[in-house]
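Notes for the one structure printed next.
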Amino acid sequence: MPAIKFTGPGGARMQHDGSGRIFVQNLSKHFGPVAAVQNLSFEVRPGSVTGFLGPNGAGKTTTLRMLLGLVTPSAGVATINGRPYQQLGNPAQVVGAVLENEGFHPKRTARNHLKVYAAAIGAPDNRVEEVLGLVGLSSAADRRAGGFSLGMRQRLALATALLGNPQVLVLDEPANGLDPEGIVWLRNFLRAYAREGRTVLVSSHLLSEVEQTIDQVVIISHGVTRYYGPLDQLRSSQQSRVLVQAADANALVKALQEAGFTQVEPTPDGRVAVVGATRQQIGDLVAKSGIAVYGIEEERADLEKLFFQLTSPQYPGAQYSGAPRQPYGQPPQQGGWGGPPPPGYPPQQQYQQAPPQQGHGGWGGQG
């Protein structure tokens, strides 16, 4: 991919001195009795892409709206460059934001839409052509926005945010509606933008959607911070486990405990799970102990599972306990809606709700 060059109004290269820091401290917002955001604190520094993650309804959009001066906080502060948004001298050149992609007149072309916004912020018309090229809409510039797909509207919204060549980008669910090619493009674009010393804050309700894009992550749920720090540190908080199919499970458990592996538990399909071990360690142990095994599989909890653990269900539905009606009185089939999972797929509930092990920094432990 060729290097992405970002230029200022008139084509002049803008120098960004790294002052585009976002700072949120003890931020809270109540809507009547509802606490949408509670004592939220985090910092977003230039030169990195920070993910702002949480399930729908967690308080992400409310926080971004407070950061951009659209909602007044009940308590706390949110600043960009050390100032509230309302006090920024030329906000379009400091921060570009996309909170929704519906602010287009359906009969106006993409080019004309951008010209209106460029005139409003004092950017020249040639900047319109630049941002159309940056987001890949040059060939669709004369099409009416009302005929755009969701993904094309996302690109047009991003182009609008880029008109002022801002130091800071704040994007709410920017990958929504993009196809796989568009997601790869967005990932490369945001990382290139951050490499120029700029600040990028991206919200999402899916960690998998932004995992390959972000460096830092802020995870919230119920309006409260659940994790704040480097993504690599979150990864390192995971522990691997090895699943072993042994001829004599009891003998294997005894040998594991004697070797110092204390986190050993059975799985529903009859295998033995060893937390904090590697395949090589288990292979050496069973070879030395003379225990016959039929399979050794190493498994790591992915970040998406950890994300679910940290956020927990905000609006849990009732457990469905019934089985589908069987025709003509046939007995229920095993492995169906109410049946056990196939071998190798332990019940998901077991890992989402299991309490963390003490002293081992498990899947839900502190990074």
Under 24 Å from Lys29, Cα to Cα: lysines that are on another chain or at least 8 residues apart = Lys60
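Can you give the charge dipole size of the stretch 238-305 about its Cα centre, rounded to the nearest 20 debye, using +1 on the beta carbon of Lys and Arg and -1 on the beta carbon of Asp and Glu?
Dipole about the Cα centre, nearest 20: 140 debye.
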request  = Compare Thr160, Thr262 by solvent-accessible area with a 1.4 Å probe and give them largest first, with all protein chains kept in place.
outcome  = Thr262, Thr160
ask   = Taking square-rooted eigenvalues a ≥ b ≥ c of the alpha carbon gyration tensor, is the stretch 238-305 rounded, prolate or oblate, where a/c under 1.5 means rounded and, failing that, a/b exceeding b/c means prolate?
value = prolate
ask   = Does the stretch 112-175 come out rounded, prolate or oblate by the C-alpha gyration tensor, with a ≥ b ≥ c the root eigenvalues, rounded set by a/c under 1.5 and, if not, prolate when a/b is larger than b/c and oblate if not?
value = oblate
request  = Work out the charge dipole of the stretch 22-235 with +1 on the Cβ of Lys and Arg and -1 on the Cβ of Asp and Glu about the Cα centre, then indicate which of Gly96, Tyr193, Gly229 is farthest towards its positive end.
outcome  = Gly96
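Dividing the alpha-carbon Rg of the stretch 208-282 by 2.2 N^0.38 Å yields what? Don't jump to the answer; show the numbers that get you there.
Details: Rg = 17.5 Å, N = 75, 2.2 N^0.38 = 11.3 Å.
Relative to the 2.2 N^0.38 Å estimate, the stretch 208-282 comes out at 1.54.
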task = Check cross-link reach from Lys107 to the lysines: straight Cα distance under 26 Å, and skip same-chain residues fewer than eight apart.
result = Lys115
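How would you rank 202-209, 45-52, highest first, on the average number of other Cβ atoms within 10 Å across their residues?
Numbers: 202-209: 19.4, 45-52: 20.9.
Packing order, densest peptide first, comes out as 45-52, 202-209.
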Dipole-positive endmost among Ala75, Gly182, Gly59 within the stretch 22-235 (Cβ charges, Cα centre) = Ala75
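Treating the beta-carbon of each Lys and Arg as +1 and of each Asp and Glu as -1, no other charges, what is the dipole magnitude of the stretch 174-248 about its Cα centre, to the nearest 20 debye? All intermediate terms of the calculation are to be shown ahead of the outcome.
On the way: 7 positive and 8 negative charges, 49 e Å.
Once rounded to the nearest 20, the dipole reads 240 debye.
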query = What is the distance in Å between the Cα centres of the stretch 243-303 and the stretch 189-225?
reply = 37 Å
message = Need one word for the stretch 22-235: rounded, prolate or oblate. Basis is the Cα gyration tensor (sqrt eigenvalues a ≥ b ≥ c); a/c below 1.5 gives rounded, then a/b vs b/c decides.
response = prolate
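Could you put Asp269, Asp142, Asp172 in order of accessible surface area, largest first, with the 1.4 Å probe and the full protein assembly present? Could you put the intermediate results ahead of the total?
Details: Asp269 55, Asp142 110, Asp172 20 Å².
Per-residue accessible area, sorted high to low, gives Asp142, Asp269, Asp172.
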request  = Express in whole angstrom the spacing between the alpha-carbon centres of the stretch 133-185 and the stretch 75-100.
outcome  = 21 Å
Given charges at beta-carbon only (K, R positive; D, E negative), |dipole| of the stretch 22-235 in Debye = 340 debye
key: Under 18 Å from the Cα of Lys254 - lysines, other chains or at least 8 residues apart   = Lys288
ask   = Got a sec? What order do Arg127, Arg271 fall in by accessible area at 1.4 Å, biggest, i.e. largest, first?
value = Arg271, Arg127
request  = Amide H neighbours of Val293 under 5 Å, at least 5 residues apart or on other chains, H built in the peptide plane: list them.
outcome  = Ala247
key: Distance between modelled label sites at Ala292 and Glu304, nm, 7 Å Cα→Cβ extension   = 3.8 nm
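If each residue of separation counts as 0.36 nm, what is the full-extension length gain between Asn56 and Asp142 once their alpha-carbon separation is subtracted?
Working: separation 86, 0.36 × 86 = 30.96 nm, distance 3.49 nm.
Full extension from Asn56 to Asp142 adds 27.5 nm.
The values are calculated or read from the model by the stated rules, or taken from the named source; none is laboratory data. As the structure is a computational prediction, the values presented were derived from the model and not from experiment. Using ideal geometry, Cβ is built from the backbone for each residue, glycine included, and neighbour counts are taken over all protein chains shown. Note: accessible area is taken over every heavy atom of the protein model, side chains too, but ligands, DNA and RNA are not part of it. Shrake-Rupley method; radii C 1.70, N 1.55, O 1.52, S 1.80 Å.
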